[in-house]
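Inspection log for the structure reproduced underneath, given as structure tokens.
The values are calculated or read from the model by the stated rules, or taken from the named source; none is laboratory data. Since the model is a prediction, treat every value here as computed from it, not as a measurement. When we count neighbours, we look across all protein chains shown, and the Cβ atoms used for this are built from the backbone with ideal geometry, even at glycine. Surface accessibility is based on the protein's heavy atoms, side chains included, excluding ligands, DNA and RNA. Shrake-Rupley method; radii C 1.70, N 1.55, O 1.52, S 1.80 Å.
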Amino acid sequence: MSGTPVPRPRPRVAVSRTGLPGPAVRRLAARYDVTAWEGTAPPTSAELGTLVRGCEGLLVLGSDRVDAALLDAAGPGLRVVALASMGYDGVDVEAAAARGVVVTHTPEVLADTTADVSMALILMARRRLGASMDALRRGEWGAFRMDAFLGLDVQGATLGLIGYGQIAKALARRAAGFGMRVQHHHPRRKEDDELSRWVTFDELLRTSDVVSVHTPLTPETAGMIGTPELALMKPTATLVNTGRGGIVDEDALLTALRGGKLHSAGLDVMVDEPRTDPSDPLFAEPHLVVLPHVGSATEATRAAMVELAARNIEAVLDGEEAPTPLPGTRGRPAQGATQPTTNRTTPTASQSG
Ligand code: DGY
């Protein structure tokens with residue numbers, strides 16, 4: 001006896017914000033049952049867990065936490081978590097692998113835009129542009145003086161890149177145009193190239209006029225620029241971080257700046273973002289330029305990030321390889337990964353797919 005075929009329900013996809021730039025979420029909504037978080041504030045972990053329950057795909061931002069509890073809240077059908085960000089320090093990669101969930105991110109599309117902000121911070125900090133703008137706004141623009149707001153030149157200065165991925169290389173290209181010499185440190189890739197020469201970490205700190213951080217936040221890199229490292233740097237040097245807060249020890253940085261042990265610094269990223277206290281000591285330090293994590297913030301780049309995240313979801317839900325899985329992970333849901341159960345124990349490395 002043949003009955004009317006029952007249409008398969010459309011896969012469900014959760015999106016952790018509403019109003020993301022570009023057409024990609026609308027395209028997802030044409031294919032899947034999409035639920036976007038409508039709140040004005042970002043969802044709490046519990047709210048995100050409720051949103052993702054029963055979904056096969058989840059699109060999140062870099063500031064969202066994707067941990068074992070969230071993956072379990074989603075249930076066993078979850079196949080892909082697509083970050084609209086390059087950084088993935090908010091994701092428990094092992095827990096995702098143990099559950100066979102593909103995690104993807106958005107490299108490349110934001111490299112040039114973020115490197116622009118790194119270069120801007122170098123110029124703002126080294127040329128004291130932030131401090132001079134602040135003085136102007138306080139009505140302190142006096143008669144022209146030859147010694148007012150003197151900064152340090154970037155031409156002829158040596159830029160030291162910590163990490164040598166896409167953003168660092170994009171910054172190296174910009175720095176060359178500004179007449180800077182470029183050197184880099186990467187723990188494993190020890191080659192020179194046409195843009196930059198490889199140096200040891202200590203040599204980079206000792207010999208660079210500008211040190212710029214471009215490494216992911218991991219247990220190994222957390223606090224990697226602290227008091228001893230700042231002490232190795234030249235007192236005329238500038239430190240810039242567009243990577244992640246937590247790589248630079250903020251208290252040590254403030255102490256170095258206040259004590260004249262470092263010329264200046266520029267931060268686009270901080271620990272515990274967002275920082276909303278106007279009396280935050282970081283905001284009051286005249287030799288420090290701070291920005292509210294705007295490295296990739298152009299309309300085109302943010303839309304490209306959402307587009308790439310959406311393409312990753314489409315690929316996995318179509319049974320194809322995700323275009324940009326996290327480094328060292330698989331682009332397809334792993335076969336035989338530990339399937340979620342109601343009595344899951346904490347996943348271990350040996351469970352990783
Ligand atoms: C990134 O892509 O990692 C940016 O910091 C935005 O999250």
**Message:** Any residue at all in region 99-119 that's at pLDDT 95 or above and farther than 29 Å from residue 167 by Cα?
**Reply:** yes
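One line per residue, one yes/no per condition, for (1) more than 16 Å from the ligand (Cβ to nearest atom); (2) crowded, with 19+ Cβ neighbours inside 10 Å; (3) modelled with pLDDT of 95 or more:
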residue	(1), (2), (3)
231	yes, no, yes
236	yes, no, yes
242	no, yes, yes
246	no, yes, yes
250	yes, yes, yes
254	yes, no, yes
258	yes, no, yes
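For every residue, the table says whether it meets (1) within 30 Å of residue 34 (Cα to Cα); (2) part of a loop (DSSP other than H, G, I, E, B); (3) in contact (Cβ under 8 Å) with a residue 12 or more places away in the chain.
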residue: 77; (1), (2), (3): yes, yes, yes
residue: 100; (1), (2), (3): yes, yes, yes
residue: 106; (1), (2), (3): yes, yes, yes
residue: 122; (1), (2), (3): no, no, yes
residue: 133; (1), (2), (3): no, no, no
**Item:** Verdict on residue 115 being outside the structural domain of residue 236 (by TED's automatic domain parsing), buried (at least 23 other Cβ atoms within 10 Å of the Cβ), under 27 Å from residue 291 (Cα atoms) and within 13 Å of the ligand (Cβ to nearest atom)
**Value:** no
**Message:** Restricting to region 54-88, count the residues that are among the charged types (D, E, K, R) and within 16 Å of the ligand (Cβ to nearest atom).
**Reply:** 2
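Quick grid of which residues meet (1) in a loop (DSSP other than H, G, I, E, B); (2) open to solvent by 50 Å² or more (accessible area, probe 1.4 Å); (3) outside the structural domain of residue 314 (by TED's automatic domain parsing); (4) under 16 Å from residue 316 (Cα atoms):
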{"site": "4", "(1), (2), (3), (4)": "yes, yes, yes, no"}
{"site": "7", "(1), (2), (3), (4)": "yes, yes, yes, no"}
{"site": "18", "(1), (2), (3), (4)": "yes, yes, no, no"}
{"site": "22", "(1), (2), (3), (4)": "yes, no, no, no"}
{"site": "28", "(1), (2), (3), (4)": "no, no, no, yes"}
{"site": "35", "(1), (2), (3), (4)": "no, yes, no, no"}
{"site": "40", "(1), (2), (3), (4)": "yes, yes, no, no"}
**Prompt:** For region 260-270, how many residues are within 16 Å of the ligand (Cβ to nearest atom) and either more than 18 Å from residue 86 (Cβ to Cβ) or part of a helix (DSSP H, G or I) (or both)?
**Reply:** 1
**Item:** Residues of region 271-289 satisfying the condition of being away from the ligand (no atom under 15 Å from the Cβ) and hydrophobic (A, V, I, L, M, F, W, C)
**Value:** 282, 283, 284, 288, 289
**Prompt:** Which of the residues that make up region 271-323 are open to solvent by 50 Å² or more (accessible area, probe 1.4 Å), outside any loop (DSSP other than H, G, I, E, B), over 30 Å from residue 30 (Cα atoms) and in contact with a strand residue (DSSP E or B) (Cβ under 9 Å, 6 or more places away or on another chain)?
**Reply:** 283
